[in-house]
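So the structure is just underneath, and the comments pick up after that.
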Amino acid sequence: MSFDVVVLGGGSGGYATALRGAQLGLNVALIEADKVGGTCLHRGCIPTKAMLHAAEVADAVREAGKFGVGAQLTGVDMTQVNAFKQGVIDRLYKGLTGLVSGRGVTLIEGWGTLVAANAVQVGDQRIEGKHVVLGTGSYARSIPGVEIGGRVITSDQALQMDYVPQNPVVLGGGVIGLEFASVWTSFGAKVQIVEGLPRLAPNEDEAVSKALERAFRKRGIGFKTGAMVAEVFQDENSVTVKLQNGETVSGDILLVAVGRGPRTADLGYEAQGLPMDRGFVLTDDRLRTGVGNVWAVGDIVPGLQLAHRGFQQGIAVAERIAGLNPPPLIEANIPRVTYCEPEIASIGLTEAAAKAAYGEDAIETVEYNLAGNGKSQVLQTQGFVKVVSLKGGPVLGMHMLGSRVGELVGEAQLIVSWEAHPSDVAELVHAHPTQDEAIGEAFMALAGKPLHAHA
Ligand SMILES: Cc1cc2nc3c(=O)[nH]c(=O)nc-3n(C[C@H](O)[C@H](O)[C@H](O)COP(=O)(O)OP(=O)(O)OC[C@H]3O[C@@H](n4cnc5c(N)ncnc54)[C@H](O)[C@@H]3O)c2cc1C
């Protein structure tokens, strides 16, 4: 079998390559061992967001009295939550498989191995391509000495649970850990987070971490930061994390959420001489590996492991194969959202990164507190919009915290990616009352003409 493009792995990166390639008239094969849609659709973005929505509903019912609405939360039925979640996945999966076949992509089911720079072997079939695009994704990592099994689980098992844990321990205060901590708390659990770095959400601007920690404390979520794990042991009833400082943290389950490793072992990548580093496939800024016409997309390429990065990389690779010349992706300008309550949304450089890049004195920042934003008051949420800007120059980063601020990241992305100056944005009209206005207010403050803010 011979194609213009052979894509190995049907996750966000792989299927985006296949769909765009077919759209551009290329003859494409997509090889997938499990289900098209990959981690994001079946074990990642979509199922977690369905659970987070159920969590928001639980919180709304629990707090209904605050708004004068009589309601009582009588329980959370995980069988029903899981059915709702699966219904969303099934509908999207049906749509996606329809798209793949509708665009004329040849879907080959099975486990593929790279056997030459232009060929993938699936069982006894050799599938050749003028170009090969690798998108084999990632798996939940653990840390040395912590084995997954029994009461020690990853996000894969956490998404399948048919009960709400009573007092789960979450190892890792990054995106996945924070989202599960948030869901389980809304469902009534007593959660404790253990994070090795000095703060929760350690990749975000420090101001975001501080405010998130305050909000989580208020929600009754316990956490220890700068806490390194020495060992983990479990018995029939509980699991205990012993920290290097001698303290222990116990619960009924331990969710290990310490990041994701590239799924590249035993796939023929090293044998074909691909440049690799700690399991990741190295590429140039156009995603070429430098070996034949082999390209790589998604979580196996070092950088942010996000579905929309995979989509964009896949589209760009397909376009390059078809002879177009899309520009390389600017990694810092990929929007980042953590969908816990309150949400975190950010883009571009943090204040610390901007100062490191341009010098302390070249950077100015402003934080607009959501206390002054009407819609946020209606929603009863706290947080802020923070802008990091080059003095007299463009906006370099935006960092937001508060319920629903994930929906604001679109405007933030345009501002940062189009290198807008604060004065450009201060001229724009933001609808009242929306949370979006907080962005407008932050820029008015930065332009020296704050409206709903104390000078
Ligand atoms: C709990 C969780 C929540 C997440 N939430 C978000 C979110 O809200 N937003 C966001 O942007 N990102 C989120 N992510 C990350 C997102 O899921 C990944 O970045 C994205 O799925 C990566 O896409 P990919 O194409 O690189 O790999 P994957 O989606 O992992 O797909 C790889 C595919 O390749 C197949 N495959 C692998 N090896 C072979 C082989 N040898 N032969 C055949 N097939 C093979 C696999 O079966 C899989 O289907 C989340 C991840 C997790 C785990």
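Between GLY303 and any residue 5 or more places off or on another chain, the built amide H atoms are never under 5 Å apart.
By the count of neighbouring beta-carbon atoms within 10 Å, fewest first, ASP156, ASP162, ASP436, ASP252 end up ordered ASP162, ASP156, ASP252, ASP436. Pairs from the table (LYS391/LYS449; LYS355/LYS391; LYS49/LYS94; LYS210/LYS449; LYS35/LYS130) lying more than 22 angstrom apart at Cα are LYS210/LYS449; LYS35/LYS130.
Among TRP184, TRP111, TRP295, TRP418, which comes first, second and so on when ranked by fewest other beta-carbon atoms within 10 Å? Could the numbers behind the result be given before it?
Working: TRP184 26, TRP111 14, TRP295 29, TRP418 11.
Listed from fewest to most nearby Cβ atoms, that is TRP418, TRP111, TRP184, TRP295.
Of all lysines in the structure, those lying under 23 Å Cα to Cα from LYS66, and not within fewer than 8 positions of it along the same chain, are LYS190, LYS218, LYS375. Rounded to the nearest whole Hz, the Karplus-based 3J(HN,Hα) values (6.51 cos²θ - 1.76 cosθ + 1.60, θ = phi - 60°) of segment 108-114 follow the sequence 10, 8, x, 8, x, 10, 6, with x at glycine and proline.
Computed from the Cβ-Cβ distance with R0 of 25 Å, the FRET efficiency linking ASN325 to LYS130 stands at 0.85. Centre-to-centre separation between the Cα atoms of segment 223-282 and those of segment 1-54: 26 Å.
Span-like helix criteria (full DSSP H runs; alpha carbon extent of at least 27 Å along the helix axis; mean Kyte-Doolittle hydropathy of at least -0.5) are satisfied in the chain by 78-102.
Each residue in SER155, SER2, SER346 was given a count of other beta-carbon atoms within 10 angstrom of its own, and listing them fewest first yields SER2, SER155, SER346.
Full extension of the chain between ASP284 and ALA353 yields a length gain of 22.5 nm, computed as 0.36 nm times the residue separation minus the alpha carbon distance.
To the nearest 0.05, how large is the calculated FRET efficiency for ASP162 and LYS210 if R₀ is 35 Å and r is the Cβ-Cβ distance? Efficiency computed from Cβ-Cβ geometry: 0.45.
So how much slack lies between TRP418 and LEU197, counting 0.36 nm per residue of separation and subtracting their Cα-Cα distance, in nm?
Values: separation 221, 0.36 × 221 = 79.56 nm, distance 3.29 nm.
Stretched out fully, the TRP418 to LEU197 stretch lengthens by 76.3 nm.
Summarised as an ellipsoid, the chain has semi-axes of 37, 30, 22 Å, derived from the eigenvalues of the Cα gyration tensor scaled by 5 and square-rooted, with the largest first. Annotation for segment 1-95: GluC sites (Glu not before Pro) lying in DSSP loop with at most 15 further Cβ atoms inside 10 Å of their Cβ are GLU63.
A Cβ-based charge dipole, computed about the Cα centre of the chain with Lys and Arg at +1 and Asp and Glu at -1, lands at about 360 debye.
The convex hull defined by the C-alpha atoms of segment 1-80 has an orientation-averaged projected area of 8.0 nm².
Beta bridges assigned by DSSP with both partners in the chain are antiparallel in approximately 60 percent of cases.
Read-outs: derived from the displayed coordinates by stated rules, not from any lab. Because the structure is a prediction, the values reported are computed rather than measured. In this analysis, Cβ positions are derived from the backbone assuming ideal geometry, glycine residues included, and neighbour counts consider all displayed protein chains.
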